[in-house]
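Written out below as structure tokens is the structure these notes cover.
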Amino acid sequence: MYSERLLDHFQNPRNVGDLPAPAVTVEVSNPACGDILRLGVRFEGEIAREARYKVRGCTASIAAGSALTEWITGKTRAEMAVLDLATIEDAVGGLAPESKHAAVLCLDGVNSLLRRTPTL
């Protein structure tokens, strides 16, 4: 049902936790399933130098959050702005139709983060 990559991110999540200020932290939720993602990113100029997350949700959402933090690290705001669902799904080796909400949650988190961080 789940890919090896997704299971690896679920069983060995990367970058779990919170970042202290001046990191930007956002929280988004999926009202349909109840999953919640807290995403924090520390920027140096335009570049995301560090990302952390916490998820309360299903296996796919936990794994997608982990993969998202790996993808974000080192990216510019402009690169983050073009993130799409396919990129998130690919990062975890694909998502079953009933788990695609995990990619939407991550994309919502990045979009919320970008709205909170003005470009320089």
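Bear in mind that the values in this text are calculations on the coordinates, not laboratory data. Note that the structure is predicted; figures quoted are calculated from it, not measured. Cβ sites come from the backbone with ideal geometry, for glycine too, and all protein chains shown count toward neighbours.
Note on the stretch 1-69 and the stretch 80-102: Cα centroid distance 13 Å, given to the nearest whole angstrom. Here the chain carries DSSP beta bridges of which approximately 95% are antiparallel, counting only pairs with both residues inside. When the chain is treated as a GNM with alpha-carbon contacts under 10 Å, the residue of 60, 91, 78 showing the greatest mean-square fluctuation is 78. With a 10 Å cut-off between alpha carbons and a GNM built on the chain, which of 81, 67, 51 moves the most? Result for the chain, Cα springs under 10 Å: 81 fluctuates most. With all pairs of different C-alpha atoms in the average, the Kirkwood value for the hydrodynamic radius of the chain is 13.9 Å.
Computed over neighbours whose Cβ is under 15 Å from that of residue 43, the net charge equals +3, Lys and Arg +1, Asp and Glu -1.
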